[in-house]
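Take a look at the structure below.
The values are calculated or read from the model by the stated rules, or taken from the named source; none is laboratory data. Keep in mind it's a predicted model, so treat the numbers as computed, not measured. Please note: Cβ atoms are built from the backbone with ideal geometry, for glycine as well, and neighbour counts cover all protein chains shown. For the accessible areas, the whole protein counts, side chains as well, though only heavy atoms, and no ligand, DNA or RNA atoms are used. Shrake-Rupley method; radii C 1.70, N 1.55, O 1.52, S 1.80 Å.
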Amino acid sequence: MKVTIVGMGAVGTEITGFLVNMAEVSEIVAIDRNRERVEGEILDFSHTTSFTYAKNPRMVVGDYADSAGSDIVVITAGAQLTQGQTRDDLVRANSVIIREIIAEVERYSPGAIVIVVTNPVDVITWVALKSSSFPRERLFSSGTLLDSARFMRIVSDHVGIDPKNIFGYMLGEHGSTGFIPWSICNVCGLDIDTYCRLNGIPLIDKAAVSAEVRNVGYEIFNRKGNTNHGIAAAVFRLIRAIEADERSVLPVGVLLQDQYGVDDVVMSVPCVVGRNGVERIVNYAFGFDEQAALHRSADHIKSLIALAQ
Ligand code: NAD
């Protein structure tokens, strides 16, 4: 498996760390405008391989020609938020950057699965799809996988059990209009209220949890100037699902084409992820309010897409 990371800033470097430590990857190609810094990162990573659990991957600091024939390309390149900006403020700058990058990725790795991370990720993924011939199955975003992990962590802290025993998603936009479909969330198979009632735990404040999931990224950003650990773990989870052909259900940002009453918008819904990328979109019967939240999210993403044209 050959994986290329385009954009070796805080997020790309952390993803590389996961791959070097834990993945069955034979080659990692690192591409960034700032080549010298990436040479430093890769040299540094090369000193970890005596101690890691993974294969000893070939690591290349390169350009797009070196990435030729990649199985997976992860795109994290772009302008980062500055203090006081929201993800939406990045639309124009990162739309220009993604058009340049996706042309090179398509030229050298037309058969790759492309995972977009650059924010605002739903819009940037849409731009990448419209500027290339990649099918939606092989070009999608990390979507709300990170938001969903944040959600599971918060519920886990409330009920006092492992986040892996919590099931639930944040769906829609990776941003201000993302929503939690509570009707399909559960703790060990019980809906969250029932679990709390049966186990003597105070009911969870759903509005507060939704707000916390949406805002926690900014909380981190305000303290350290970026967020990288959670998103890198989420992207690594996606790479593993592809590499091992897991067919795991994960909320990723996929182009909806008349699904859930939404057309021509990239947003997160539960998808089956395996060797071919997004193998299938899973259908749920959401409640009326959840369906309305999904449409509000789609409308907001559409308004941002208009800025990217
Ligand atoms: P960063 O500024 O540390 O890194 C960005 C890197 O992109 C830099 O190294 C820069 O040199 C490089 N770059 C810029 N333009 C380039 C180009 N045209 N070609 C090649 N390289 C280029 O930022 P970061 O913290 O790593 O974040 C990267 C992106 O990921 C941002 O857009 C951020 O908002 C986004 N992000 C998304 C999520 C998510 O859940 N989707 C989470 C965290 C961060």
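The residues of region 1-49 expose, per residue, 41 Å² of accessible area to a 1.4 Å probe.
Across the protein chains, with a 1.4 Å probe defining accessible surface, the residues Thr76, Thr16 rank Thr76, Thr16 from largest area downward. Prolate is the label for the chain, because the ratio a/c of its alpha-carbon gyration tensor axes (a ≥ b ≥ c) is 1.5 or higher and a/b is greater than b/c.
With the charge dipole of the chain set up from +1 on Lys and Arg Cβ and -1 on Asp and Glu Cβ about the Cα centre, the Cα lying farthest toward the positive end among the listed residues Gln259, Pro57, Thr82 is that of Pro57. For region 96-197, the share of accessible area belonging to carbon and sulfur comes to 52 percent (1.4 Å probe, ligands and nucleic acids excluded).
Suppose the chain between Arg197 and Thr49 were pulled fully straight at 0.36 nm per residue; how much longer would it get relative to their current alpha carbon spacing?
Gain on extension, Arg197 to Thr49, equals 48.4 nm.
Shown is the FRET efficiency for Ala103 and Glu279, computed with R0 = 41 Å from the Cβ-Cβ distance and rounded to the nearest 0.05: 0.95.
Over region 2-141, the ratio between the Cα radius of gyration and 2.2 N^0.38 Å evaluates to 1.02.
Between Arg58 and Lys164, what's the calculated FRET efficiency when r is the beta-carbon distance and R0 is 25 Å? Round to 0.05.
0.15
Could you tell me the center-to-center distance, by alpha carbons, between region 50-94 and region 224-293 in angstrom? Answer, in whole Å: 19. Specify whether the C-alpha gyration tensor of region 209-309 places it in the rounded, prolate or oblate class, a ≥ b ≥ c being the square roots of the eigenvalues: rounded for a/c under 1.5, otherwise prolate if a/b is larger than b/c and oblate if not. Oblate, because a/c is 1.5 or more while a/b does not exceed b/c.
Charge dipole of the chain (Cα centre as origin; +1 on each Lys and Arg Cβ, -1 on each Asp and Glu Cβ, all else neutral): 120 debye, rounded to the nearest 20.
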